[in-house]
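We did not get these values from a lab; they are worked out from the coordinates using the rules stated. A quick note: this is a predicted structure, and the numbers were derived from the prediction, not measured. Cβ atoms come from the backbone with ideal geometry, glycine included; neighbour counts cover every protein chain shown.
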């Protein structure tokens, strides 16, 4: 029975990853969470939920020591993108510390485990050549301290691979969304507004920033299927983009929402909502990952958005 | 009068940089130090020494606000290379926080200042192609948390250039040494042992790790001259290696020491002193910097080592 440890297991992606892993009954799943919530206790055996703070090395050590995992999906990270001095420095310090603690504990107590380090397509940031999707050799030009912290986490994982031969795989997921993602992200935020308008709880006006921004959206179910494939097939010490390779503007997202909703919505473009340091285009060249693993996205953007709308209609 | 602010001004490189800047009397020099020492008070006007902790944003802000610098040489960083959980995470957190605080304060209160971010040739780490010197496009493969923290500092500086148009130049100095460097570094450590043996204070045996390790050593006086040239001539948003382009083995260093010393020394090679994650070869291709600025090293390695020996003979 392979023992699979997920850090940040209580989050949006973590819970979807647990569901994916449960499709193979031989997986023995352990969930590391900051605090145990009712969500997680319905998904994982009570005795396999370990609550604690990964910025504390002693907790990370006892976690790895007690679980003795064969595979670690390291998802835990602070993901605040807002820029204030105290938030930015705590995101950078926490994310570096969490990754260091997990890597060091893995080196000492589970040195043969495969360690899947979850980075982000955000590390590419201000891409210079926007005429084609970005591959893994594209220079990193991060645009906020959160993206910088993901570079730090990658570099640490790479360091443990180079210095100690740890079996590390680094993944750079591009945008992914689905039921359960917080409304800090664009698709859930817009979908929630549409449903509020359907329910007559909101005026039929939606204010957005730059609707020309282009992103590569993957359904979270496809994304976590990719993570599991990575744990089985990717090459140690290597970095892989995961994304569909297809870009969509925010305007297109709004069109899909309109086609799936009875709400008659007026869209207002407000300059003050345009973020100064936003990347205009971010689309993945994930051919390295696709060619190696055979991964292809299966859920259409239309279906993803439909699922999210439905989830808000039911609440 | 250009106002020049140096962070980490009390350190080995900081004090040499102050001496270099004082050669141009128009420079108005401000020294940010963690604690004011007698060394720094002999170099800089008392009223231009500002003591405080740059991991505290409020201090960084008041520093930049009060000095209103035209040029900032950001040298301040923890440089512990030993690997323990508490040290590694505090080096990474502190170095990220110090750089963030300085960049954020500069953006807000000295947005036209030129910001010279001092990184390190250590970011290259486990270079794959060791047949030629490394240029700035060589992939980063850091081998310890300190080197990871320098990547983080670079990425933050780049982010402030990309997001806010801050006038940032990133320098990657390779090894540099000279009078005043601590004996944590190889040349001062060996030179000190030779002088101890000359003075009959030590048995004539020196224990070393891998004497085949190759490094690119620049005299600190040449290095800080490079920093000043960078502040005058380098292109905003760009990254530059600084180094001689010539590699020397530790065995060659020992031969130079032998030729400059009356001590008859036996060299013992101890496996336990070989660091597992040491880089075998690290030599700079600094042609980008040299071609732009005209910088060339002027002090020979022989003269550098001779100066260091002399400094120990006098103490």
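From the label point of residue B:184, set 7 Å from Cα along Cα→Cβ, how far away are the matching label points in the other copies, in nm, ordered shortest to longest?
Spacings between copies for this position, smallest first, are 3.5 nm.
When only Cα pairs under 8 Å and 6 or more residues apart are kept, what is the percent relative contact order across the range A:171-293?
About 39 percent, as a whole number.
I'd like the distance between the alpha-carbon centres of the range B:226-291 and the range A:261-315, rounded to an integer number of Å.
Each part's Cα centre sits 50 Å from the other's.
Show log10 I(q)/I(0) for the protein assembly as shown at q = 0.11 Å⁻¹, two decimals, from a solvent-free Debye sum over equal Cα scatterers.
Those come out to -1.12, one per q.
Starting from the Kirkwood radius over alpha-carbon pairs of the range A:200-261, derive D by Stokes-Einstein at 20 °C in a medium of 1.002 mPa s and give it in µm² s⁻¹.
146 µm²/s
Residue B:24 versus residue A:1, label points 7 Å from Cα toward the beta carbon: distance in nm?
Roughly 7.0 nm, to one decimal.
Where both residues lie in the protein assembly as shown, what percent of DSSP beta bridges are antiparallel, nearest 5?
If I count the DSSP bridges inside the protein assembly as shown, around 5 percent turn out antiparallel.
Other chains' Cβ within 10 Å of B:157-166 residues: what's the mean?
5
In peptide B:100-111, how many Cβ atoms from other protein chains are near each Cβ within 10 Å, on average?
Averaged over the peptide's residues, the number is 2.
Just checking the output field for A:137-149: average partner chain Cβ neighbours within 10 Å of each residue's Cβ?
4
On each of the three principal axes of the Cα atoms of the range B:194-315, give max minus min coordinate, whole Å, ordered largest first.
52, 35, 19
Using helices alone, I'd like the mean residue ellipticity at 222 nm for chain B: each DSSP H run of four-plus residues gives -39500 (n - 2.57), total over residue count, nearest 500.
So the calculated ellipticity at 222 nm is -13000 deg cm²/dmol.
How much of the calculated P(r) for chain A lies past 36 Å, in percent of all Cα pairs?
Considering chain A, 17 percent of its Cα-Cα pairs are separated by more than 36 Å.
If you build a Gaussian network model of chain B, linking Cα atoms that sit under 10 Å apart, which residue out of B:305, B:197, B:72 swings the most?
B:197
Normalised by the number of residues in chain B, what is the relative contact order in percent for Cα pairs under 8 Å and 6+ residues apart?
18 percent
In terms of the Cα gyration tensor, with a ≥ b ≥ c the square roots of its eigenvalues, is the range B:276-315 rounded because a/c is under 1.5, prolate because a/b exceeds b/c, or oblate?
Oblate, because a/c is 1.5 or more while a/b does not exceed b/c.
List the distances, in nm to one decimal, from the label point of residue A:108 to the label points of the same position in every other copy, shortest first, placing each label point 7 Å from Cα along the Cα-to-Cβ direction.
Taking the point 7 Å beyond Cα along Cα→Cβ, the inter-copy spacings are 3.8 nm.
Roughly how tilted is helix B:220-233, in degrees to the nearest 10 and between 0 and 90, from the longest Cα axis of chain B?
30 degrees
In nm, one decimal, shortest first: how far is the label point of residue B:86 (7 Å from Cα along Cα to beta carbon) from the matching points in the other copies?
Copy-to-copy label distances at residue B:86, shortest first: 2.6 nm.
Place the peptides B:250-262, A:229-241 in order of packing, highest mean first, counting for every residue the other Cβ atoms within 10 Å and averaging per peptide.
A:229-241, B:250-262
What translational diffusion coefficient, in µm²/s and rounded to a whole number, does the Stokes-Einstein relation yield for the range A:1-137 at 37 °C and a viscosity of 0.692 mPa s, taking the hydrodynamic radius as the Kirkwood radius over Cα pairs?
Roughly 204 µm²/s, to the nearest whole number.
What do you get for the angle between helix A:145-164 and the principal long axis of chain A? Use alpha-carbon atoms, 0 to 90 degrees, nearest ten.
30 degrees
Taking the Cα centre of each part, how many Å lie between the range A:141-216 and the range B:40-93?
33 Å
Have a look at the DSSP beta bridges in chain B and tell me what percent are antiparallel, nearest 5.
Of the beta bridges lying entirely in chain B, close to 5 percent run antiparallel.
When the convex hull of the C-alpha atoms of the range A:56-109 is computed, what volume per residue in Å³ does it have?
Residue-normalised Cα hull volume stands at 63 Å³.
I want to check the label-to-label distance for residue A:303 and residue A:137. Put each point 7 Å from Cα in the C-beta direction and report it in nm to one decimal.
Inter-label distance under the simple model: 3.5 nm.
Please report, to one decimal in angstroms, the Kirkwood hydrodynamic radius of the range A:246-315 built from all distinct Cα-Cα pairs.
The answer is 15.2 Å.
How many Å³ per residue does the convex hull of the Cα positions in the range A:24-73 occupy?
87 Å³
From the Cα gyration tensor of the range B:83-151, with a ≥ b ≥ c the square roots of its eigenvalues, which class applies: rounded if a/c is under 1.5, or else prolate if a/b is larger than b/c, or else oblate?
Verdict is oblate for the range B:83-151.
What is the pair-distance distribution P(r) of the range A:87-236, computed from all Cα-Cα distances in 10 Å bins starting at 0, with each bin given as a whole percent?
In order of increasing distance, the bins hold 10, 30, 34, 17, 7, 2 percent.
Helix B:186-198 versus the longest principal axis of chain B: what angle, 0 to 90°, nearest 10, using Cα atoms?
40 degrees
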